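Okay, structure first, notes after.
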């Protein structure tokens, strides 16, 4: 206890250099923990995007590509699936429910999803959580739309707001479906998934938008179909982008997957969402580990700075050490004093780093949720973060032994005679 008090008083006498050292360690700790928390929370956020879905089926491509465009609304499908193929597969005895997904349009950069009531009944996220409406109702009319929570908040849309959808999934589109506007009838509760940034309409509504389109362009003049005329037509879809399946028994998953992958009607691909997620993370793991490694080296740089500061001040403190020896301090006490100084600086840096981390999370949390759908909770450090902090403390203890050993040797040699 006496040595700790002495170490703190010694640091107080060198408060400016000590403060700079603490700040350097704190910034490196903040960076390391930020990378670790973003990495773990991003993985958890991705994993919780879809649950309870046994298979996702799309045109034959890659499993990661299919997962990205069907679940995360990233990228585009290589091809569509015929409606009769969907009906044939969804009628299999192993299938409990099926959710058709039709993508391709957007509104001010937000994706539009055409689906049916099964989407609201069976889609699950997180730990088997169902979709709920915070306002309004599900779509029922041909031109009804249900918004994700982020869209309603960012664009200020309310029930009854008119939407003009655009062709294509880009942020900017020069071809709009202005002749067939939609109206907001419902707003979904926040989910923390891509659902929050999706506009949901019926499959028939999606078909109505393109009923008079030919070769990717809208018809002109006499060939154009108005919004009311579209109501009189058969709007059964001819094709969809992908669909999700829930099975009666999980044991049938691989059997049905193989059957779909060998489907004779057209080339299809069925994937297990969990397996595709693992494949996605394996692709990202190199960048993930590289970023973590850079953060570790930044922490080591901060600790080396601390070591340099303590070593550079040893010669100036040789008289201080000699005085301590004169009042009864042993070389081991001198050694312990220097180690305690290094540990105290590191602990102060860790405490300040944690404070900066939580302040940064509190400030950036709304922006991260809005832009990336990433939730960073203001929670206590996780076990993995505590291990990292323990590693930093152990490294500082080892580094503190270097100047401590040097001071120990000097204390043995110098006694009360100081060579200046």
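The distance between label points at residue 286 and residue 255 comes to 4.0 nm (points 7 Å beyond Cα on the Cα→Cβ vector).
Hey, what D do you get for the range 55-271 in µm²/s if you plug the Kirkwood alpha-carbon radius into Stokes-Einstein at 4 °C and 1.567 mPa s?
On the way: Rh = 17.9 Å.
The Stokes-Einstein estimate is 72 µm²/s.
Listed by Cβ neighbour count within 10 Å, with the fewest neighbours leading, 341, 204, 162 appear as 162, 204, 341.
Can you sort 27, 147 by how many other beta carbons sit within 10 Å, fewest first? List each step's numbers first, then the result.
Working: 27 17, 147 29.
In increasing order of surrounding Cβ atoms, one gets 27, 147.
Fewest neighbouring Cβ atoms within 10 Å first, the residues 144, 128, 54, 84 line up as 128, 84, 144, 54.
Coordinate-derived values only; no laboratory data. Here the structure is a predicted model, which is why all the values come from computation and not from measurement. Neighbour counts run over all protein chains shown; Cβ positions are idealised from the backbone, glycine included.
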